[in-house]
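Peer 1: First the structure, which I've put down as structure tokens, then a few questions once you've had a look.
What follows draws every value from the coordinates through simple rules; no lab data is involved. Small disclaimer: the values here were computed from a predicted structure and weren't measured. Cβ atoms come from the backbone with ideal geometry, glycine included; neighbour counts cover every protein chain shown.
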Amino acid sequence: MPHERTVRIHTGTIALGALLKWAGVVGTGGEAKTLIAARRVLVNGQVETKRGRRVASGDLIAVQGGPTLAIVAADDAATPAPLDPRLS
């Protein structure tokens with residue numbers, strides 16, 4: 001079942017494809033490209049078809065059949081999220 005989680009970013013913006021990799025939703029940029037091209041990713045409630053789309057703190061990313069990602073700046077995160085072991 002899809003779930004919502006917070007993703008902290010350490011830059012002002014990040015490309016959507018890179019964010020999906022950073023968050024562990026996909027394993028490769030190719031997988032991100034395929035997922036986005038299939039129109040299965042929403043940014044702030046709108047279908048997004050560009051993996052280079054820049055997202056920032058405050059944006060909400062929903063992946064069909066996957067998680068919803070609430071993007072926050074690293075400095076804004078109230079509590080540190082545990083690191084995903086796949087990102088080590």
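Peer 1: Mean 1/r over all different Cα pairs, inverted: what Kirkwood radius does region 4-77 give, in Å?
Peer 2: Details: mean 1/r = 0.0843 Å⁻¹.
Result for region 4-77 stands at 11.9 Å.
Peer 1: Only residues of region 4-43 count here: report those whose backbone N is under 12 Å from the spot 7 Å along Cα→Cβ of GLN64, or say none.
Peer 2: 35-42
Peer 1: Here's another thing I want to ask about it. Want the number for THR13 to LYS50: 0.36 nm per residue separation, take away the alpha-carbon distance, what's left?
Peer 2: Contour length minus Cα-Cα distance gives 11.8 nm.
Peer 1: Separate question: Run the quick spin-label model on GLU4 and ALA73: label points 7 Å from Cα toward the beta carbon, then report their separation in nm to one decimal.
Peer 2: 2.2 nm
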